[in-house]
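Mind having a look at this structure? Questions to follow.
The values are calculated or read from the model by the stated rules, or taken from the named source; none is laboratory data. Owing to the predicted nature of the structure, the values given are computational and were not obtained by experimental measurement. Here Cβ is always computed from backbone atoms with ideal geometry, including for glycine, and neighbour counts include all displayed protein chains.
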Amino acid sequence: MQRRDFFKLSLAASAVALTTPASALTREPIDSQSVSKVAFPEKRPLITYSDRPPILETPIEVFTKAITPNDEFFVRWHMPRIPTHVSIDTYRIKVSGEVENPLYISLKELKSDYEQVELTAVMQCGGNSRSAFVPTTSGIQWGNGAMGCASWKGVRLKDVLKKAGLTKDANWIGLNGDDKASFHKTENFMRELELHEIKDDVIIAYEMNGEDLPYLNGYPVRLVLPGSFSDSWVKMLSNITVMKEYKELYYMDTAYRVPDNECECETPDNLSKKTKPITTMNIKSVIGYPTSNTRIDANSNVILKGVAFDSGHGIKEVLISVDAGKSWSPAELGKELSLHAFREFKFAFRPKSKGNMTLMAKAINTLGEEQPFAKDIQWNHGGYKYNGIDSVTITVV
Ligand SMILES: Nc1nc2c(c(=O)[nH]1)N[C@H]1C(S)=C(S)[C@@H](COP(=O)(O)O)O[C@H]1N2
Ligand SMILES: [Mo]
């Protein structure tokens, strides 16, 4: 397909935009989240928070496997006006600013003039699981599904910068996509990275799980930053601006920041004045099966399944509790696809008595860092970096 026409693909979705009452855009509490009846182009029905811009969450059941399928991968845009079509023949990535040779890279050049690399990495929104914060914070009230793991193919951002030739004044890289704000005073979604953040595994990706990127996940190219929260994984990447100094931007200076103190925490009455970008992901795991409120026969053999990840140190073990956190036993870990990938885990048990049963999973990484109990999670006003021990209550009948 030479051209991706979002309008043609999205008729069903735009019909909803006209008919969905505003109240349908606010979500039920975490246990009763449900998928929408309407699917967006290239997506199965997902949990829908907004259709303009598309904000879609992956249902929890998908997190029993290390790779998240493209048609179930979550979606988050900030601007209601995302481009409605992309012409592959004319699409260019502009590299300008503090460079010796400004570039205007076509997709064809991207695939032929640079070394092609492929890596598997988790992408997670900094606000994933935000609905678990007490008291409630501002922002999309995500459950656990604003994350996914895929194999990404593309070229190193470093190689592109090398070809452009950085001047001695190059310090910051500004990145933005083709989505535009509709209100003239709203800033476009732009991000900045300091040169040292651009490691060898930071890539401009054009493939996800062996296919073109889905339109809603940033077709035709997006940035991939293994280990970092996805607010900087710029989609529909069209501009790379090399700068001498950091430029003040709404989406860098106001959003995706936590208190700049040891616990990265604050209270609603005493908000921290100093903040820092969220950047590195913390250790986390979720249970994909069974899900809350599942009814299970007493004496049946249950295989609990889920995924664990951190920022790339590697998962050492996942401990499971079937008695609400009183005792813990190690889960069986799946293959390590890469240090940045989801690590599958499973744990077999037989419920002994009837009634409610609370299952928990706690991941520990090779540094010895582990997830805190949900009750010990410290609060921040943006609701970022939630990584409390996941807990699921099932009913044994
Ligand atoms: N161009 C563009 N890139 C973007 C955004 C956006 O609004 N516009 N949102 C960012 C945020 S906050 C997230 S969580 C991820 C979501 O990526 P996805 O839609 O592929 O899941 O994209 C990031 N890149
Ligand atoms: Mo995000």
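Residues being closer than 21 Å to L225 by Cβ and part of a loop (DSSP other than H, G, I, E, B): count how many of those fall in the range 335-365.
So the count comes out to 7.
Follow-up question, since we're still on this one. Name the residue that is farthest from the chain's Cα centre (by Cα), counting only residues in the range 230-253 that are away from ligand 1 (no atom under 14 Å from the Cβ) and among the basic types (K, R).
The extreme case among them is K244.
While we're looking at this one, here's another question. In the range 98-110, how many are out of contact with any Asp or Glu (no Cβ under 9 Å at 6 or more places or on another chain) and not hydrophobic (A, V, I, L, M, F, W, C)?
Looking only at the range 98-110, we keep the residues that are out of contact with any Asp or Glu (no Cβ under 9 Å at 6 or more places or on another chain), and these are 99-102, 104, 109-110.
Cutting the leftovers down to not hydrophobic (A, V, I, L, M, F, W, C) gives us 100-102, 104, 109.
The qualifying residues number 5.
Scan the range 222-243 residue by residue and report those that are closer than 20 Å to D178 by Cα and either assigned to a loop (DSSP other than H, G, I, E, B) or free of Cβ contacts under 8 Å to residues at least 12 places away in the same chain (or both). Walk me through it before giving the result.
Taking the range 222-243 first, the residues closer than 20 Å to D178 by Cα are 222-225, 230-243.
L225, W233, V234, K235, M236 - these are the residues of the range 222-243 that are closer than 20 Å to D178 by Cα and either assigned to a loop (DSSP other than H, G, I, E, B) or free of Cβ contacts under 8 Å to residues at least 12 places away in the same chain (or both).
Just to be sure before I move on: is S151 touching a strand residue (DSSP E or B) at 6+ places or on another chain (Cβ under 9 Å) and either among the acidic types (D, E) or surrounded by fewer than 17 Cβ atoms within 10 Å (Cβ to Cβ) (or both) in the structure I sent?
Numbers: touching a strand residue (DSSP E or B) at 6+ places or on another chain (Cβ under 9 Å): yes; either among the acidic types (D, E) or surrounded by fewer than 17 Cβ atoms within 10 Å (Cβ to Cβ) (or both): no.
Criteria not met by S151.
For the range 192-201, which positions are closer than 16 Å to T241 by Cα and either free of Cβ contacts under 8 Å to residues at least 60 places away in the same chain or not in a strand (DSSP E or B) (or both)? Step through it out loud before you land on a result.
Within the range 192-201, the first condition is being closer than 16 Å to T241 by Cα, and the residues that meet it are 192-198.
If the condition is that a residue be closer than 16 Å to T241 by Cα and either free of Cβ contacts under 8 Å to residues at least 60 places away in the same chain or not in a strand (DSSP E or B) (or both), then L193, E194, L195, H196, E197, I198 are the ones that fit.
Would a scan of the range 366-375 turn up a residue that is modelled with pLDDT of 95 or more and assigned to a strand (DSSP E or B)?
yes
Taking the conditions exactly as written (more than 11 Å from ligand 1 (Cβ to nearest atom) and crowded, with 22+ Cβ neighbours inside 10 Å), does I278 satisfy them or not? Spell out the reasoning first.
Details: more than 11 Å from ligand 1 (Cβ to nearest atom): no; crowded, with 22+ Cβ neighbours inside 10 Å: yes.
Against the criterion (more than 11 Å from ligand 1 (Cβ to nearest atom) and crowded, with 22+ Cβ neighbours inside 10 Å), I278 does not qualify.
Is it the case that the range 56-67 has a residue that's assigned to a strand (DSSP E or B) and within 13 Å of ligand 2 (Cβ to nearest atom)?
Within the range 56-67, the first condition is being assigned to a strand (DSSP E or B), and the residues that meet it are 56-57.
Keeping just the survivors that are within 13 Å of ligand 2 (Cβ to nearest atom) gives 56-57.
Yes, some residue in the range 56-67 is assigned to a strand (DSSP E or B) and within 13 Å of ligand 2 (Cβ to nearest atom).
Could you check, for the range 132-152, whether at least one of its residues is more than 30 Å from T291 (Cα to Cα), out of contact with any helix residue (DSSP H, G or I) (no Cβ under 8 Å at 6 or more places or on another chain), not aliphatic (A, V, I, L, M) and not in a strand (DSSP E or B)?
Start the filter on the range 132-152 by keeping residues that are more than 30 Å from T291 (Cα to Cα), which leaves none.
No - not one qualifying residue is present in the range 132-152.
Another question, if that's okay. With under 16 Å from W172 (Cβ atoms) and assigned to a loop (DSSP other than H, G, I, E, B) as the only criterion, which of Y251, Y246, Y219 stands out?
Working: Y251 fails: assigned to a loop (DSSP other than H, G, I, E, B); Y219 fails: under 16 Å from W172 (Cβ atoms).
Among Y251, Y246, Y219, only Y246 is under 16 Å from W172 (Cβ atoms) and assigned to a loop (DSSP other than H, G, I, E, B).
Tell me which residues, restricted to the range 67-112, are among the charged types (D, E, K, R), surrounded by fewer than 17 Cβ atoms within 10 Å (Cβ to Cβ) and within 16 Å of ligand 1 (Cβ to nearest atom). Outline the logic, then answer.
Step one: filter the range 67-112 for residues among the charged types (D, E, K, R), giving 71-72, 76, 81, 89, 92, 94, 98, 100, 108-109, 111.
Checking which are surrounded by fewer than 17 Cβ atoms within 10 Å (Cβ to Cβ) leaves us with 71, 81, 89, 92, 94, 100, 108-109, 111.
If the condition is that a residue be among the charged types (D, E, K, R), surrounded by fewer than 17 Cβ atoms within 10 Å (Cβ to Cβ) and within 16 Å of ligand 1 (Cβ to nearest atom), then D71, R81, R92, K94 are the ones that fit.
Still on this structure: Inside the range 254-267, can you point out the residues that are within 15 Å of ligand 1 (Cβ to nearest atom), more than 11 Å from R191 (Cβ to Cβ) and not β-branched (V, I, T)?
If we filter the range 254-267 for residues that are within 15 Å of ligand 1 (Cβ to nearest atom), which is where we start, we get 254-258.
From what is left, the residues that are more than 11 Å from R191 (Cβ to Cβ) are 254, 257-258.
Listed by number, the list holds a single entry, R257.
Can you confirm whether V122 is within 13 Å of ligand 1 (Cβ to nearest atom) and either more than 28 Å from G165 (Cα to Cα) or not aliphatic (A, V, I, L, M) (or both)? Full working, then the answer.
Numbers: within 13 Å of ligand 1 (Cβ to nearest atom): yes; either more than 28 Å from G165 (Cα to Cα) or not aliphatic (A, V, I, L, M) (or both): yes.
Considered against the rule, which asks whether it is within 13 Å of ligand 1 (Cβ to nearest atom) and either more than 28 Å from G165 (Cα to Cα) or not aliphatic (A, V, I, L, M) (or both), V122 comes out as yes.
Of the residues that make up the range 157-173, is at least one within 12 Å of ligand 1 (Cβ to nearest atom) and either assigned to a strand (DSSP E or B) or surrounded by 20 or more Cβ atoms within 10 Å (Cβ to Cβ) (or both)?
Of all residues in the range 157-173, those within 12 Å of ligand 1 (Cβ to nearest atom) come to none.
Within the range 157-173, not a single residue is within 12 Å of ligand 1 (Cβ to nearest atom) and either assigned to a strand (DSSP E or B) or surrounded by 20 or more Cβ atoms within 10 Å (Cβ to Cβ) (or both).
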